[in-house]
1. Just to check your reading of the model, which residue among 291, 346, 336, 372 is more than 20 Å from residue 258 (Cβ to Cβ) and not assigned by TED's automatic domain parsing to the domain that holds residue 436?
2. Residues to consider are 87, 92, 104, 80; find the one that is within 21 Å of residue 207 (Cβ to Cβ) and assigned to a strand (DSSP E or B).
3. Look at residue 301 and say whether it is crowded, with 16+ Cβ neighbours inside 10 Å and within 22 Å of residue 383 (Cβ to Cβ).
4. Residue check, residue 98 against (1) in contact with a helix residue (DSSP H, G or I) (Cβ under 8 Å, 6 or more places away or on another chain); (2) loosely packed, with under 15 Cβ neighbours inside 10 Å; (3) under 23 Å from residue 168 (Cα atoms), all met but one. Which one?
5. Given the residues 206, 168, which is the only one that is at pLDDT below 95, assigned to a loop (DSSP other than H, G, I, E, B) and over 22 Å from the mean Cα position of the chain (by Cα)?
6. Any idea which residue in segment 223-237 is modelled with the highest pLDDT, counting only those that are in a loop (DSSP other than H, G, I, E, B) and under 19 Å from residue 377 (Cα atoms)?
7. When the residues of segment 132-165 are narrowed to those that are in a strand (DSSP E or B) and in contact (Cβ under 8 Å) with a residue 40 or more places away in the chain, which ends up surrounded by the most Cβ atoms within 10 Å (Cβ to Cβ)?
């Protein structure tokens, strides 16, 4: 089944346990039990079966996603931890009538066995769990190292926190689970809501597909991405209403950095926006660009890093469907040769009147399939680039001396105040830009 499912025990409701579609609540199958079913668990613990396995107090045994009993045995129903070098999850539980002595077990196909008696680390009965027989850790989650999970427990005398870290090497290379928004939320609820083990939004286990690339970005100043500026309270769908507005281009109502060349869908009504920055191709060759938008949009690309050289390459004359690239001939650019590592100024203008809104720009390269341009190929515009190499606010003789020292230096990592046209080399073309800015002030 596509999407997520919910495995839930029903306490004090004479319902048992249900396996349901998370989006609709539809019951896919259930284990009816008229009693109080207060515990259940779901995890991929058995490598013989793709998908999660489920067990609860509602029925004996352990089941797969098709409600087939794979074992008459039933294991612990408290916490779950990815700990060993494989993709199966281990069982965090406790022994003793008080539930205060934590242990880590592993499922072996028809029952579980002990991996670690955590309560005896570093000395006998010196480490404890919380919340009686629920045996909760202080926290468990992927907080250090690779994708596997750490366990935080308290010392029995309540004077220390102890972090237990998986020590086996693994050949599986996955993104940190904390980059998955559902998993990160689950880490938070351990301390602000009901204590339950965290689960990512994708399947992690035997037969898994490659995990999705995390859609997460640093909230501060990022070197990647594209600058997005907007002007509000401008009715109409024509881009002329934006470019002829009194506050355009110098006084936007707001701005942020986007992690790909796509704006949020259904963001607002009666606004215009501009995206601008630098495109850095990963390989040399011919590229084609597409633009999709509601209502209208223009796409510009410069043959170098200078915004004044930007040329019109594609447009949306009327609204298209979301990510619809072929409604109008103008949405697709001609084939454009680009060089790997060089910086090319790119700009998009977008106008939305009312109703749904969206904007996205895609490209296709020598070995790149058609895709929205991701942030790793973009750098945000941070202001007009001047040849003020010594940062004293003027372009003058002191800057020329520094410029000559770098003459014919070749490096795609050069900043744009040195490599003024973004072609990875300091040469006569950059000198021409410097000369055009001679004795200019850079404060504005």
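1. One residue alone meets the criteria, 336.
2. Numbers: 87 fails: assigned to a strand (DSSP E or B); 92 fails: within 21 Å of residue 207 (Cβ to Cβ); 104 fails: within 21 Å of residue 207 (Cβ to Cβ).
Selected residue: 80, the only one of 87, 92, 104, 80 that is within 21 Å of residue 207 (Cβ to Cβ) and assigned to a strand (DSSP E or B).
3. Values: crowded, with 16+ Cβ neighbours inside 10 Å: yes; within 22 Å of residue 383 (Cβ to Cβ): yes.
Judged against the criteria, residue 301 is a match.
4. If we test residue 98 against (1) in contact with a helix residue (DSSP H, G or I) (Cβ under 8 Å, 6 or more places away or on another chain); (2) loosely packed, with under 15 Cβ neighbours inside 10 Å; (3) under 23 Å from residue 168 (Cα atoms), just (3) comes out false.
5. 168
6. 225
7. If we take residues in segment 132-165 being in a strand (DSSP E or B) and in contact (Cβ under 8 Å) with a residue 40 or more places away in the chain, then 151 is surrounded by the most Cβ atoms within 10 Å (Cβ to Cβ).
Let's see how each residue does on (1) under 30 Å from residue 325 (Cα atoms); (2) within 23 Å of the chain's Cα centre (by Cα); (3) in a loop (DSSP other than H, G, I, E, B):
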| residue | (1), (2), (3) |
| --- | --- |
| 354 | yes, no, yes |
| 359 | yes, yes, no |
| 402 | no, no, no |
| 421 | no, no, yes |
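The values are calculated or read from the model by the stated rules, or taken from the named source; none is laboratory data. Just so we're clear, the structure is a prediction, and the values are computed from it rather than from any experiment. Glycine also receives a Cβ, built like all others from the backbone with ideal geometry; neighbour counts cover every protein chain displayed.
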